[in-house]
Amino acid sequence: MQPSYSIIVIAYNQPHLVERCIESIMQNGALISQTKEVILVNNGPEHARLPDGHEQFITVINNDKNLGFGQAVNQAAEIATGEYLFLLNSDAVLTDTTLKELTSFIRANPQASIVGTKQKTTQGKLVASFGNYPSAWRELAALTGVSKVLPVGRLITPTRALRSRYGRTGERAWVSGGAMIIKASDFERVGGFDPMYFLYVDDIDICRRVRGSAGQVWYCAEALVLHDYGSSGSREHAQRYTTQGLLYFAKKYGQAVKPLATIQSIKHAIRP
């Protein structure tokens, strides 16, 4: 099996990050026979300068307004031709082995619908990239610090107690959309990203829907992406959109919304 990829990068300004991301794709062997294309969706007015000589591989979509992450991915997916969609954050970069390891994993596990990668900052610090479905008690576990020693939070934070989980490949409830591969056929089958999410939690939602339709979600410990998470946006915006996403997720899946809203309010008050 030789999987083919459409690499999708969603950008909101920060052109230097986008340029770094695209350059990593060019430098690290991504434009090989199995890579169909790179699709860059600009959600903001500041556009990156793309490298010369690769125009035939790169399609650019410029939006008049910020559609959010999920809707922009849906836009790109409509024109993508690869068997797999490789979602890559604009503040992330490929290493020289990323695609090699992912391809090796997919060949060995063709039943996997979604595959997430290990993520580290450019300084070598592990980034949380998988976890459990959100709920009020899981957010409470994070607020109280319980999730730092037990794998009970929404995010499985790579603390000293939980770090070993990032060294083991296996199925997960969800994996991060910052570096996620999804079968195009499964993406289409579940209707893509839910456009009601603007940013954050949408990756958890699509993983849940894929798993709910008999798909498998995997984390591949051997595939590494460098991701300086959060460098493309403010902490305040991240908190606001995460809360909005969590409350919508709770309502969508029949959870109690009020306790979750209270916990998020407390979290924002003590972690401005």
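Quick rundown of the values:
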{"read-out": "Counting DSSP beta bridges with both ends in the stretch 72-229, the antiparallel % (nearest 5)", "value": "70"}
{"read-out": "P(r) tail fraction, the chain - alpha-carbon pairs more than 34 Å apart, %", "value": "13"}
{"read-out": "Among Gly212, Gly68, Gly116: highest mean-square fluctuation, GNM of the chain, C-alpha pairs under 10 Å", "value": "Gly212"}
{"read-out": "The chain - share of DSSP beta bridges that are antiparallel (%, nearest 5)", "value": "40"}
{"read-out": "Estimated distance in nm for a label pair at Ala108 and Arg165, the labels positioned 7 Å out from Cα along Cα-to-Cβ", "value": "2.2"}
{"read-out": "Dipole moment magnitude, nearest 20 debye, the chain about Cα centre, only Lys, Arg, Asp, Glu C-beta charged", "value": "1440"}
{"read-out": "Cα centroid separation, the stretch 192-266 to the stretch 55-72 (Å)", "value": "21"}
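We did not get these values from a lab; they are worked out from the coordinates using the rules stated. These numbers come from a predicted model, not from an experiment. No Cβ is skipped: glycine too gets one built from the backbone with ideal geometry, and neighbour counts run over all protein chains shown.
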